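A short write-up of the structure that comes next.
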Amino acid sequence: MQIQVFFRYLFLFLSPFGLTLTGILGYFFGDWNLCLSCIISLLGIISTWGILNQRKTIESQTKSSDPVSPAKKRDELVQSLFALEKFKEELISFNDPDRISVTISQFLEKKIPAKFVQVYTWDENEGMFRPRPLPQAGSLQRFPSIPIFDPFLLWLSEREGIHIKENFILEFTPSHQKISKQAIKFFETTDSELVATLAIKSSLVGFILLGERTDGKKYDITEIEIILEILSVSLMSISNSMIYQQLVNLTENLEAKVRERTRELEEAQAHLVQSEKMASLGVMVAGIAHEINTPAAVINGAADNLDTNLVYIFSHLGDVSTLIQNPDFRTMYVDLLFSFVKEDPAGKIDPRDKFKLKKETKLKLIEDGIGENDAIDLSTFLIDHQIIHMQEELVRIWKAGGKEIFEMLKNTLSLHRNIKNIKYSIRNIVRIVKALKHYSHLGQASYEMADLVESLENTLVIMQNQIKQGVEIEREYSPIPQVKCNVDELNQVWTNLITNSLHAMKKTEKPVLKIFTRCIGEDYVLLGFEDNGMGISQEIKDKIWDPFFTTKDQGEGSGLGLGIVKGIIEKHKGRIEMESSPGKTRFLVYLPLDGPGDVPNIPKEVIREIRG
């Protein structure tokens, strides 16, 4: 018994061989519990050894299957980051858009197996997006210049990022489906597969085109990540280079003027006016595309409607025989058409009365024996087209020719309405372009007779994107004669005064800007700008004309605005006054009709006496 106890506690802590011997001795001494404990312990040791050995084998196989060591991966990553950083430094140091574009193309061609990489940027002189650098004469067809009004480019300006041709073919989203035709046409024209936009606040500066991959594969997340890594620095570099080129051009123009003219204060002031105007145009140009996009969309919709109307008319030419054979019927039909085309102002219907008139007309038509559904269609047609005085003729045509003739009439009138909408939209586009042309005419330095009301309206058109929704513009234009002036400089005056008014009304619940004109005596005109903003406090009223003084937040204004305004008005031998109280501020501009010349500055007392 003592031997059993001795061996039981001694061999529990020995090696596997000891456990084996302990089990044998337990068997001879008849201690079955000791034998069972030794067997279980041996099995556990054997299982543990097998697991550890298998794990070691897997680790050795994994290491042998990965030929690239961590050190090599780290070196490749460092080299890649170094190349990217070097690329960014080079890009920022360049001022030439062509050189920047070449650097971008070369970098992407090394990283992405594309057949070509082409950078496009906005060219203000051509008014189009053109490839950079300009290809040789034989390559112009492959990389053509693209107008700003291209539907796909307008779509891209509102959706910054990277877009692949395949997504438009598959109509990946409703947004892709809407523009798929124009997008596919764009990609086919440029022979590209991917476009990356270079845009600032929905204003497209340029874009990068990539052709098909040389290996025939599709673009995946790896290539997109490479492009995204350089997109922001590319945009910044191209934008800076374009601004630099503009500044270089302005500097050259200024040097030419300085060589030709004296270094008087007027020339320095004229340069400030142009610089201020360029700064204003920089803010406005972003909204011009949106302003033109609206009438362009109307033209597009009207063209689709015209197509539908013509298809209907051509497919129902047989119905016209009924009109030709019956002279009375033909006369009524033509009278209805001309009644619609004439647009008699006396026949205009107040929108508030339309619902009531439709109901009354429908009841009369039902009394004339026309079904309720048809009466609804006829009454709606009469009221919407404002030809209610032709009700009897329309009923006779309906009864004689049926619904087919009525549908023919509707489609015929729709032709005229769609053509009218197209003409109206084209006039809007011409108005915007004409206003921009007059507003940005920097070369005008002479004094000529000008219509100041037209000048005000052109400025409002250009600033339409800055005039926020909810700002009401009240015009009180009294007839005034033309004024001999430098209208380009006066455009800057109107821009600054309107901008200040809009800024003052930021927190006004119902902002109203009133612009008015009137004659002052026989020799002067008055142009006024009145807003219902916060007003100007008494403490700073005398400081607002000082150069560099501003109440705007940092980055919103340089403080040159009102200083330039006062200088321009005084150069025209006029006067500007300001009246302000909480909730009402007025800027009053007085100008002589005959221009500066030998006209003395108008005395303040005379203004008060004439105004009363």
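The values are calculated or read from the model by the stated rules, or taken from the named source; none is laboratory data. Note that this is a predicted model, so its numbers are computed, not measured. We place every Cβ from the backbone using ideal geometry, glycine too, and count neighbours over all the protein chains shown. These accessible areas exclude ligands, DNA and RNA; they are computed on the full protein's heavy atoms, side chains included. Shrake-Rupley method; radii C 1.70, N 1.55, O 1.52, S 1.80 Å.
Which residues, taken from segment 453-466, are under 19 Å from Lys506 (Cβ atoms) and either part of a helix (DSSP H, G or I) or without any contact (Cβ under 8 Å) to a residue 40 or more places away in the chain (or both)?
Selection gives Leu460 alone.
Condition first: farther than 15 Å from Asp451 by Cα and among the charged types (D, E, K, R). Now tell me which residues in segment 462-488 satisfy that.
Lys468, Glu472, Glu474, Arg475, Glu476
Could you tell me which residue of segment 195-254 is modelled with the lowest pLDDT, considering only residues that are of a type in the set (Ser, Thr, Tyr) and under 20 Å from the mean Cα position of the chain (by Cα)?
Out of the qualifying residues, it is Ser202.
Checking the conditions here, which among Ile473, Ile480 is more than 30 Å from Lys257 (Cα to Cα), in contact (Cβ under 8 Å) with a residue 24 or more places away in the chain, part of a strand (DSSP E or B) and open to solvent by less than 50 Å² (accessible area, probe 1.4 Å)?
It is Ile473.
Every residue in segment 497-529 that is under 21 Å from Tyr447 (Cα atoms) and open to solvent by 10 Å² or more (accessible area, probe 1.4 Å), please.
Scanning segment 497-529 gives Cys519, Glu522, Asp523, Tyr524.
Quick one: which of Thr190, Thr214 is loosely packed, with under 13 Cβ neighbours inside 10 Å, within 21 Å of Gln118 (Cβ to Cβ) and touching a residue at least 60 places away in the same chain (Cβ under 8 Å)?
Residue meeting the stated conditions: Thr214.
Please tell me if Ala445 is at pLDDT below 80 and over 22 Å from the mean Cα position of the chain (by Cα).
In short, yes.
Just wondering, is there one or more residues in segment 134-141 that are open to solvent by 10 Å² or more (accessible area, probe 1.4 Å) and either on the phi > 0 side of the Ramachandran plot or at pLDDT 85 or above (or both)?
No: segment 134-141 contains no residue that is open to solvent by 10 Å² or more (accessible area, probe 1.4 Å) and either on the phi > 0 side of the Ramachandran plot or at pLDDT 85 or above (or both).
So is Leu336 buried (at least 17 other Cβ atoms within 10 Å of the Cβ) and either at pLDDT below 75 or under 23 Å from Ser315 (Cα atoms) (or both) or not?
yes
Scan segment 218-242 for residues that are farther than 20 Å from Lys86 by Cα and either without any contact (Cβ under 8 Å) to a residue 12 or more places away in the chain or small (Gly, Ala, Ser) (or both) and jot them down.
Asp220, Ile221, Thr222
Residues in segment 171-182: is at least one in contact with a strand residue (DSSP E or B) (Cβ under 6 Å, 6 or more places away or on another chain) and either at pLDDT 85 or above or surrounded by 19 or more Cβ atoms within 10 Å (Cβ to Cβ) (or both)?
No: segment 171-182 contains no residue that is in contact with a strand residue (DSSP E or B) (Cβ under 6 Å, 6 or more places away or on another chain) and either at pLDDT 85 or above or surrounded by 19 or more Cβ atoms within 10 Å (Cβ to Cβ) (or both).
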